[in-house]
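Undergrad: Pasting a structure here, questions to come.
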Amino acid sequence: MVGVLALQGDFSAHRQALAERGLVSCEVRKPQHLEGLTGLVLPGGESTTMLKLLDAFGLQQPLVEAITAGLPVLATCAGIILLAEEVRHPSQPSLGLLRVAVERNAYGRQLASTVAQLQVTDELPTPSLEGVFIRAPRVVRVGEGVKVLATRGEDPVLVRQGAILAATFHPELSPASPVVALFADMVRRKS
């Protein structure tokens, strides 16, 4: 069972994308919803609101513990902000589990949303990748142990650190996204 953080944001599209890859999912709103999961999705949405709700629902520490223990995670857009070691412009707290620095809304406001073709590295088993960017963050620093899987120009947009797969874009909005397929493989290998 893959949990999808469902406090705020685009959790329904993630559940649909997981179902299309044969993964059963549930919505995570309480600490007990993390029990027995084989994977976790931190969806797009509004990161400051998500942080407040994680605190209000008592989810922050159990979430950190589950991820630190090696639970496979797919973090998209606001999800990468939640996990980042450092958040800039404006700065805000985060869980600090992913060794990257991100800049919020770096590609512009809602009107600047776009679909872009991304460049993939040898680490990602696909020749092409589409990225749907909606008020997306930019990775401005990649730390030790973080592999860049795809870029948009010079900017890393898909990274992996151990069991964490994180995208600044929304792979759940691209049909048959290899990013969601890669996460599904990570979950199946862990189970």
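Undergrad: Would you say residue 119 is more than 15 Å from the chain's Cα centre (by Cα) and assigned to a strand (DSSP E or B)?
TA: yes
Undergrad: Go through (1) surrounded by 20 or more Cβ atoms within 10 Å (Cβ to Cβ); (2) modelled with pLDDT of 95 or more; (3) touching a Pro at 6+ places or on another chain (Cβ under 7 Å) and name the single condition residue 31 misses.
TA: (1)
Undergrad: Pairs only if they're at least six apart or on different chains, beta carbon under 6 angstrom, first in segment 148-165 and closer than 13 Å to residue 183 by Cβ, second surrounded by fewer than 18 Cβ atoms within 10 Å (Cβ to Cβ); list them, first residue then second.
TA: Qualifying pairs under 6 Å: 149/121; 149/123; 160/147; 163/70.
Undergrad: Also, I was wondering about something else. Can you confirm whether residue 47 is crowded, with 20+ Cβ neighbours inside 10 Å and among the polar types (S, T, N, Q)?
TA: yes
Undergrad: On to the next question. Among the residues of segment 60-119, write down those that are within 23 Å of residue 30 (Cβ to Cβ), free of Cβ contacts under 8 Å to residues at least 40 places away in the same chain and of a type in the set (Ser, Thr, Tyr).
TA: Passing the criteria: only 68.
Undergrad: Residues to consider are 3, 70; find the one that is at positive phi, touching a helix residue (DSSP H, G or I) at 6+ places or on another chain (Cβ under 8 Å) and not hydroxyl-bearing (Ser, Thr, Tyr).
TA: Among 3, 70, only 70 is at positive phi, touching a helix residue (DSSP H, G or I) at 6+ places or on another chain (Cβ under 8 Å) and not hydroxyl-bearing (Ser, Thr, Tyr).
Undergrad: With respect to residue 128, determine if the residue is surrounded by fewer than 15 Cβ atoms within 10 Å (Cβ to Cβ), free of Cβ contacts under 8 Å to residues at least 12 places away in the same chain and among the small types (Gly, Ala, Ser).
TA: Here the answer is yes, as residue 128 does meet what is asked.
Undergrad: Something else about it: Which numbered condition in (1) surrounded by 18 or more Cβ atoms within 10 Å (Cβ to Cβ); (2) in contact with a Pro (Cβ under 9 Å, 6 or more places away or on another chain); (3) among the β-branched types (Val, Ile, Thr) is the only one that residue 38 fails?
TA: Going through the list (1) surrounded by 18 or more Cβ atoms within 10 Å (Cβ to Cβ); (2) in contact with a Pro (Cβ under 9 Å, 6 or more places away or on another chain); (3) among the β-branched types (Val, Ile, Thr), residue 38 breaks only (1).
Undergrad: Considering 165, 124, 95, 182, which residue is under 14 Å from the mean Cα position of the chain (by Cα) and part of a loop (DSSP other than H, G, I, E, B)?
TA: It is 95.
Undergrad: Here is a follow-up. Sort through 157, 179 and tell me the only one that's buried (at least 24 other Cβ atoms within 10 Å of the Cβ) and within 18 Å of residue 21 (Cα to Cα).
TA: It is 179.
Undergrad: Just to check your reading of the model, which residue among 21, 104, 99 is surrounded by 15 or more Cβ atoms within 10 Å (Cβ to Cβ), at pLDDT 95 or above and among the basic types (Lys, Arg)?
TA: Testing whether each residue is surrounded by 15 or more Cβ atoms within 10 Å (Cβ to Cβ), at pLDDT 95 or above and among the basic types (Lys, Arg) leaves just 99.
The values are calculated or read from the model by the stated rules, or taken from the named source; none is laboratory data. Just so it is clear, the structure is predicted and the values come from calculations on it, not from any experiment. A quick note on method: Cβ atoms are made from the backbone with ideal geometry, for glycine too, and the neighbour counts reach across all protein chains shown.
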